[in-house]
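Student: Please see the structure below; I have some questions.
Since every read-out is calculated from the coordinates, none of them should be taken as a lab result. Remember, predicted model here, so these are calculated numbers, not experimental data. All Cβ positions, glycine included, derive from the backbone under ideal geometry; neighbour counts span all protein chains shown.
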Amino acid sequence: MSLLFNRAPLLLVLDEPTSAQDLKQQHRMLAPARSLCHQRGYAVIAVLHDLNHVLRYCDHCVLMKEGWLSAQGKPGDVLTQDTIEAHWEYRPQLVGHMESIPVFV
């Protein structure tokens, strides 16, 4: 991963980078990607299925359903209990906040 970051791409595409990773590795992958955006102005496009990761690490999110755009915007505005329920037919439980970011299960 460090070799990838040292090559200075303007766009980094991550396709399910946290898949099959333990919690430590998931955050070790996403935190540097977020830093690249904020500190060096890189664009990062990531396919993520963990909504809590989207809420914590992303500045913008896009929801896709059956190949179509169903919602987009700031993660905190898009990923609400109502939107999640409408999109996935499952009402998540809000279990708290971490650094003012909602945490769902």
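Student: What full-extension length gain, to one decimal in nm, is calculated for Asp50 and Asp15 as 0.36 nm per residue of separation minus the Cα-Cα distance? Don't skip to the end; give the middle numbers.
Tutor: On the way: separation 35, 0.36 × 35 = 12.60 nm, distance 1.27 nm.
11.3 nm is the gain from fully extending Asp50 to Asp15.
Student: If I take all pairs of Cα atoms in the stretch 51-105, what percentage of them are more than 17 Å from each other?
Tutor: Values: 479 of 1485 pairs.
When all Cα pairs of the stretch 51-105 are counted, 32 percent exceed 17 Å.
Student: Can I ask one more? Given a 10 angstrom Cα cut-off, can you work out which residue in Leu69, Leu51, Leu11 is the most mobile in a GNM of the chain?
Tutor: Result: Leu69 has the largest fluctuation of those listed.
Student: Over the Cα atoms of the chain, how large are the radius of gyration and the largest Cα-Cα distance (Dmax), in Å?
Tutor: For the chain, the Cα radius of gyration and maximum Cα-Cα distance read 14.4, 42 Å.
Student: Sequence-distant or interchain residues sharing an amide H contact under 5 Å with Ser70, placed H: which?
Tutor: Long-range HN contacts for Ser70: Leu63, Met64, Lys65.
Student: Nearest 20 debye, what's the magnitude of the dipole of the chain about its Cα centre given +1 on Lys and Arg Cβ and -1 on Asp and Glu Cβ?
Tutor: Numbers: 9 positive and 11 negative charges, 100 e Å.
For this selection, approximately 480 debye.
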